[in-house]
Amino acid sequence: MKRLALLLPLLAALTACEQLGIEDPAKVAAAKEAEGKAIGSACRHAMRAIEDCYVLNPKAQKAAIYNGWREMDEYMRENKLEGVLPVVPRPDPKKPKSVDEEVETKAPKVDAKPESKPEAKGDAKADTKADAKPDAKAH
């Protein structure tokens, strides 16, 4: 009997865990699912493609977005509703950098004027100015 009397206030205190900042995983998952469905249905109503919706909302669950988009699509077809043109423009697709651009951004920049250092006669880089000018007799 005494244990029951001690257990009752403890159980009452544990039911208010949200107030202490302890989140219930089931509630968090349900909230993420509901948010994803809302995002998907809003995307469908705004006549956005499902892929655009995924790109615009990368943190949302894709399955939830898809379910919301599909449900809104069914609803709009059944009730013969037209979508609303979105006011926010579609994002520009990120153009992937070519290999040349990546090399240029990673390579250190070289000064136009190299430091003047005496070079050995056997060095291949010793006569860079002569190599840079085209030979007039070769043509």
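Computed from the coordinates by the stated procedures, all read-outs in this text should not be read as laboratory data. All values derive from a computational prediction rather than experimental measurement. Quick reminder, even Gly has a Cβ in these numbers, built from the backbone with ideal geometry, and neighbours come from all protein chains shown.
Looking only at the stretch 19-75, residues that are in contact with a Cys (Cβ under 8 Å, 6 or more places away or on another chain) and over 27 Å from Val87 (Cβ atoms) come to 1 in all. Restricting the stretch 31-88 to residues that are of a type in the set (S, T, N, Q) and outside any loop (DSSP other than H, G, I, E, B), the residue that is surrounded by the most Cβ atoms within 10 Å (Cβ to Cβ) is Ser41.
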